[in-house]
1. Give the residues of segment 325-352 that are more than 14 Å from P306 (Cα to Cα), surrounded by 12 or more Cβ atoms within 10 Å (Cβ to Cβ) and within 33 Å of the chain's Cα centre (by Cα), sorted by residue number.
2. Given the residues V131, V106, V161, which is the only one that is within 25 Å of M35 (Cα to Cα) and either exposed (fewer than 12 other Cβ atoms within 10 Å of the Cβ) or at pLDDT below 70 (or both)?
3. Just checking, does segment 54-65 include any residue being among the polar types (S, T, N, Q) and surrounded by 14 or more Cβ atoms within 10 Å (Cβ to Cβ)?
4. Based on what the data block shows, is L29 farther than 30 Å from E179 by Cα and over 46 Å from the mean Cα position of the chain (by Cα)?
5. When V251 is evaluated against the numbered criteria (1) among the β-branched types (V, I, T); (2) outside the structural domain of A336 (by TED's automatic domain parsing); (3) out of contact with any strand residue (DSSP E or B) (no Cβ under 9 Å at 6 or more places or on another chain), which criterion, by number, is the only one it fails?
Amino acid sequence: MPGERTEQATQHRRDKAKKQGDILHSRELTSAAAMLAGVITLGAMGSQIIEAWRGAYMNFLTLGAPQRWEPSTVGPTMLALRSQSVQLLQVPAIIMAAVAITALIVATLQTGGINIYAGAIGFKLERLNPVNNLQGLFSLRAVARMGKSLIPAIFLAVFAVQRIARQLQLPPFSTNRLEQLGADIYGLLLATAWLLFGWSLIDYLLEWQSRESRLKMSRDDLRDEYKETEGSPQTRSRIRGLQRQMRRQKVKADVAKAAVVLTNPTHYAVALGFDFGTMEAPRVLAKGRNLLAEEIKAEARWAGVPIVENPPLARSLYRTVEVGQPISVDLYAAVASILAYLYRQRVEDEMRERRVRENDARRAAAPPPRPGGAGRPRPGTPPGGAARPPRTEDSPRTPRPNGNGFEGGKQ
C-alpha cells in the first residue's frame, strides 16, 4: 500500500531523529549496570568494611572517654576524630565512585558520546499541556512500561520471601543469626542487581525494536529524502556537467604549465612540471588513466607540451605520486634523463632559431641590386657603365706583366 512504512530508515533519517532528541537510550540499563557495579564492589570489599567499622567503633569509644575532653586534650581528640572519620568514609567513597564511573561509561556507550542536542532540551509548550500529559500517562506505551517494571518486581518479591523464610527457620537467639542475616541480605542484593541488569538488557532490545519501527520509512519518504539530499535528476546531471567542465579547465591549465607528459602510451598519462630556473624537484601537475589520459594528451598537443612514451615510469608515477606532490627520490634518475634530453632539444631549437634570425637580419641589411644591371660592374669598366669595345686584329695590344717582365716585350 502507498504510504505504508516498510523500508528501513536511512542514515540521514537517523541523524535527523537524533538531532530532534530521539536517541536510543535506556535509563533502566544505566541504573542496573551502576547498581551491579556497586554491589560487586561491596562484596569484594566486605571484609575491609567490617574491619573498618569494627576499628572505628573501638576508636570512637576510646575517644569518648572523659579524660579525652579535658581542655588540654580536646585539640588532639578532635584531630583523631577527623582522621578516623576520613578512614571510615574511604570505603563508601570507593563504592560510590564505582557506581558513578559505571553509569557514565554505560550512558556514553548508549549515546555514542557526550552530545548536546538543542531539539531535545529546547522549550516546547506542548510539554506543559495537561491533556497531552494525561494521554501519555494512560497510553499503551505507558502501560507497557509499567508491565515491564512489574515483572522484575514479582521476581524480587519471590527472592525476598525465600530469604525471610530462611531467617525464620533459625533459632531466635542463635549466634549465627546475625551472620546469616548479612549473607542473606547481600545475596538478595546481588540477585536483585543481576535480575535488573538482565531485564534492562531485554528492555534495551525492546526499545531498539520500538525505535526502529518508529523510524521506518515509506517509499514516498525515501523518494522525498533522495530529492532533498541529492536533488532532482536534472540538477544532478547539470552538476556533473559543471564538474566535468571544471575538471577539463583545471587539466588544461595544469597541462599547459607542464614540462613533459609521460604516457603508457594508451592507458596512463602523467603531466610533470619542472622549472629550469629554480631546479626544484619535478611535481605531478595532472594524471589520469583511460579517458582522462586521452584528455591530458590532447591538451598537451594543443599547448605544445612534449609527450614522451615511457610505460614503466608513467605507471610508477601514477601509482606512487599524488597530484601536486614532488616525485619520489628513486624516480629522480629516470625523470632527470628525460628532462635533460628535452633541455638539449630546447637549446638546439633556440640556437637554430637564432641562426635563422641572424641570417634574416643579414639578408635584410644587404644593399638591393641595381635596376637594369647584372650586378656589380666588371673590373676595368669605365665610369658611367660604358662597355669596353671589342678588340680586333688591328687594335694595339696592351702589354701585361708576367713573371719575367711584360708580355710581348723585353725587360
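The values are calculated or read from the model by the stated rules, or taken from the named source; none is laboratory data. Just so you know, these numbers come straight off a predicted model, no measurement behind them. Reconstructed Cβ throughout: ideal geometry from the backbone, glycine too, with neighbour counts over all protein chains shown.
1. Result: P326, I327, S328, L331, Y332.
2. Numbers: V131 fails: within 25 Å of M35 (Cα to Cα); V106 fails: either exposed (fewer than 12 other Cβ atoms within 10 Å of the Cβ) or at pLDDT below 70 (or both).
Exactly one residue qualifies, and that residue is V161.
3. Filtering segment 54-65 down to residues among the polar types (S, T, N, Q) leaves 59, 62.
Narrowing further to those that are surrounded by 14 or more Cβ atoms within 10 Å (Cβ to Cβ): 59.
Checked against the condition, which is being among the polar types (S, T, N, Q) and surrounded by 14 or more Cβ atoms within 10 Å (Cβ to Cβ), segment 54-65 yields at least one hit.
4. Numbers: farther than 30 Å from E179 by Cα: yes; over 46 Å from the mean Cα position of the chain (by Cα): no.
Answer is no for this residue.
5. (3)
Residues are listed down the side, and each one gets a yes or a no for (1) in contact with a Cys (Cβ under 7 Å, 6 or more places away or on another chain); (2) modelled with pLDDT of 85 or more; (3) under 27 Å from R247 (Cβ atoms); (4) among the aromatic types (F, W, Y):
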residue: F276; (1), (2), (3), (4): no, no, no, yes
residue: R289; (1), (2), (3), (4): no, no, yes, no
residue: L292; (1), (2), (3), (4): no, no, yes, no
residue: G304; (1), (2), (3), (4): no, no, yes, no
residue: A314; (1), (2), (3), (4): no, yes, yes, no
residue: G324; (1), (2), (3), (4): no, no, yes, no
residue: S328; (1), (2), (3), (4): no, no, yes, no
residue: Y341; (1), (2), (3), (4): no, no, no, yes
residue: Q345; (1), (2), (3), (4): no, no, no, no
